[in-house]
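One structure is given here, and the rest of the page talks about it.
The values are calculated or read from the model by the stated rules, or taken from the named source; none is laboratory data. The model shown is predicted, which means the values in this text are computed figures rather than measured ones. A quick note on method: Cβ atoms are made from the backbone with ideal geometry, for glycine too, and the neighbour counts reach across all protein chains shown. Just the protein is used for accessible areas: all its heavy atoms, side chains included, with ligands, DNA and RNA removed. Shrake-Rupley method; radii C 1.70, N 1.55, O 1.52, S 1.80 Å.
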Amino acid sequence: MKTYQEMSKEELLQEKEALEAEYAKIREMGLALDMSRGKPGADQLDLAMDMLDCLDSKSELISENGTDLRNYGILDGIPEAKRLIAEMVGTKPENVIVYGNSSLNIMYDQIARAELFGICGNTPWSKLDQVKFLCPVPGYDRHFAITEDFGIEMINIPMTEDGPDMDLVEKYVNSDPAVKGIWCVPKYSNPQGIVYSDETVRRFAALKPAAADFRIFWDNAYAVHHLYEDNQAEILNILEECEKAGNPDMVFQFCSTSKVSFPGSGIAAISASEANLADIRKRLTIQTIGHDKINQLRHVRYFKNIDGIRSHMMKQAAIIRPKFELVEKLLKEEIGARGIGTWVNPKGGYFISFEALSGCAKEIVALCKDAGVVLTGAGSPFPYKKDPKDSVIRIAPTYPSIEELEEAAKVFVIVVRLVSVKKLLG
């Protein structure tokens, strides 16, 4: 098969005519398919339904430390839940605070506290002339929405196959006191599925920030979200590495069970140094009496330990792995062979990041929507929704059924081909 770049103008015009006819037929089908968000499918959620049977009116709702979990008390999470979360991200229970169901909520709170009160005695960010945040791109749109909401200046940092461009990270962090943080999804990054290398993690830990209150916002969202049992990525423990490098307070690590148990009813946590946790507790004790301890106990009773979580996640992998492989196969056959796009085949996480020809992403997303297939908005994986090359599209294969996904993916490749032909014809 010829690549589109190898085709003559006449061949491209013939291809365009055939694709336009095919697209017209698709539009007449009246499809309504959604690949816009990385949500678990109903069959994944079904796997955890018996969690709801772990506790009932006859259950003893007493923590291992003797606290009656039906009542007030325990601000920062029951000890059993701290231990479970610590196992999940590879840290110590004493470095963990367990919250409610949303790690995004914790991240927002951390930025808000920094803005209003400052971090560990430093000047509140709202009183500074300038606050900047580094944003590895493509990245997670909701991270960027938080910093944009607070009017923080965002700086693009290109991703490499080993993680963010660390030369640039070091340049900004070590020289500019206005740089206060960086967003990171270190394992199976959103949306590319990239895993930070050991060298990258060590370079993060060894940063010499110009700002005393610089923090790495380490969103370990996909810590246990492997697609393959025999091919699982591991990353160095950022808290341990920071401690070794003499920077114990430089990182906030976030995680949740949102895509492990139930996204609306999981448990979320932050892990950090004792100095950071003490600073957080000062405000937390005013902000809340405590989070849902019964739900924390429910998760512990159901999963028991990290082995229980791993076993559960392999059941999830068996459901979503064929979806990823289906999309990858179609991309390889229909797009790769024609030289009109690139992507990373992730080993875990929830997304496939597709890079179209420059200047094509917005039109691809718009034509897909017009044909009944909703994708994440073009530009979303970048601060201010501005993709400099208008080329990156995030594909979320988990939510649709395999049959719906196949239909949606076929529409996607037809549209990519059509838009690419038009681009090459100029």
Point to revise | Residues being hydrophobic (A, V, I, L, M, F, W, C), open to solvent by 30 Å² or more (accessible area, probe 1.4 Å) and touching a residue at least 60 places away in the same chain (Cβ under 8 Å) - total across the stretch 338-354 | key: 1
Check your understanding: Which of the residues that make up the stretch 219-256 are assigned to a strand (DSSP E or B) and either out of contact with any Ser or Thr (no Cβ under 9 Å at 6 or more places or on another chain) or more than 18 Å from Ala269 (Cβ to Cβ) (or both)?
Key -> His226
Exercise for review: Quick one: count up the residues across the stretch 142-171 that are in a helix (DSSP H, G or I) and in contact with a strand residue (DSSP E or B) (Cβ under 8 Å, 6 or more places away or on another chain).
Suggested key: 6
Revision key, fill the gap. Taking the stretch 228-252 and keeping only residues that are among the small types (Gly, Ala, Ser) and free of Cβ contacts under 8 Å to residues at least 24 places away in the same chain, one is left with Gly246
Practice item. Give the residue, chosen from Tyr72, Tyr108, that is in a loop (DSSP other than H, G, I, E, B), of a type in the set (Ser, Thr, Tyr) and either touching a residue at least 24 places away in the same chain (Cβ under 8 Å) or farther than 28 Å from Tyr222 by Cβ (or both). Key: Tyr72
Practice item. Output yes when any residue across the stretch 34-43 is of a type in the set (D, E, K, R) and out of contact with any Phe, Trp or Tyr (no Cβ under 9 Å at 6 or more places or on another chain), and no when none is. Key: yes
Review point. Which of the residues belonging to the stretch 115-167 are over 24 Å from Gly38 (Cα atoms), open to solvent by 50 Å² or more (accessible area, probe 1.4 Å) and among the hydrophobic types (A, V, I, L, M, F, W, C)?
Key: Leu116, Phe117, Cys120, Leu128, Phe150
Review point. Of all residues in the stretch 387-408, which are in a loop (DSSP other than H, G, I, E, B) and open to solvent by less than 80 Å² (accessible area, probe 1.4 Å)?
Key: Asp387, Asp390, Ser391, Ala396, Pro397, Thr398, Pro400, Ser401
Point to revise | Selection within the stretch 269-286 - open to solvent by 80 Å² or more (accessible area, probe 1.4 Å) and free of Cβ contacts under 8 Å to residues at least 12 places away in the same chain | key: Lys282, Ile286
Point to revise | Candidate set from the stretch 340-371 (those that are out of contact with any Ser or Thr (no Cβ under 9 Å at 6 or more places or on another chain) and outside any helix (DSSP H, G or I)); member that is nearest to Ile414 (Cα to Cα) | key: Ala371
Check your understanding: Within the stretch 19-55, how many residues are part of a helix (DSSP H, G or I) and not hydroxyl-bearing (Ser, Thr, Tyr)?
Key -> 19
Exercise for review: Determine whether the stretch 150-162 contains at least one residue that is of a type in the set (A, V, I, L, M, F, W, C), within 19 Å of Asp279 (Cβ to Cβ) and over 20 Å from the mean Cα position of the chain (by Cα).
Suggested key: yes
Practice item. Scan the stretch 373-386 residue by residue and report those that are out of contact with any Leu (no Cβ under 6 Å at 6 or more places or on another chain), within 23 Å of Lys39 (Cβ to Cβ) and of a type outside the set (Ser, Thr, Tyr). Key: Val374, Leu375, Gly377, Ala378, Gly379, Pro381, Phe382, Lys385
Review point. Since Asn174 meets every condition but one in (1) assigned to a loop (DSSP other than H, G, I, E, B); (2) closer than 24 Å to Gly121 by Cβ; (3) of a type outside the set (A, V, I, L, M); (4) open to solvent by 10 Å² or more (accessible area, probe 1.4 Å), which condition does it not meet?
Key: (1)
Check your understanding: Would you pick out the residues in the stretch 372-386 that are assigned to a loop (DSSP other than H, G, I, E, B) and surrounded by fewer than 22 Cβ atoms within 10 Å (Cβ to Cβ)?
Key -> Gly372, Thr376, Gly377, Gly379, Phe382, Lys386
Review point. When you go through Ser36, Ser59, Ser63 one by one, which is the residue that is surrounded by 17 or more Cβ atoms within 10 Å (Cβ to Cβ), modelled with pLDDT of 95 or more and of a type outside the set (A, V, I, L, M, F, W, C)?
Key: Ser63
**Study point:** Positions within the stretch 355-371 being open to solvent by 40 Å² or more (accessible area, probe 1.4 Å) and within 21 Å of the chain's Cα centre (by Cα), in sequence order
**Key:** Glu355
Review point. Yes or no: Lys58 of a type in the set (D, E, K, R), outside any helix (DSSP H, G or I), out of contact with any helix residue (DSSP H, G or I) (no Cβ under 8 Å at 6 or more places or on another chain) and touching a residue at least 60 places away in the same chain (Cβ under 8 Å)?
Key: no
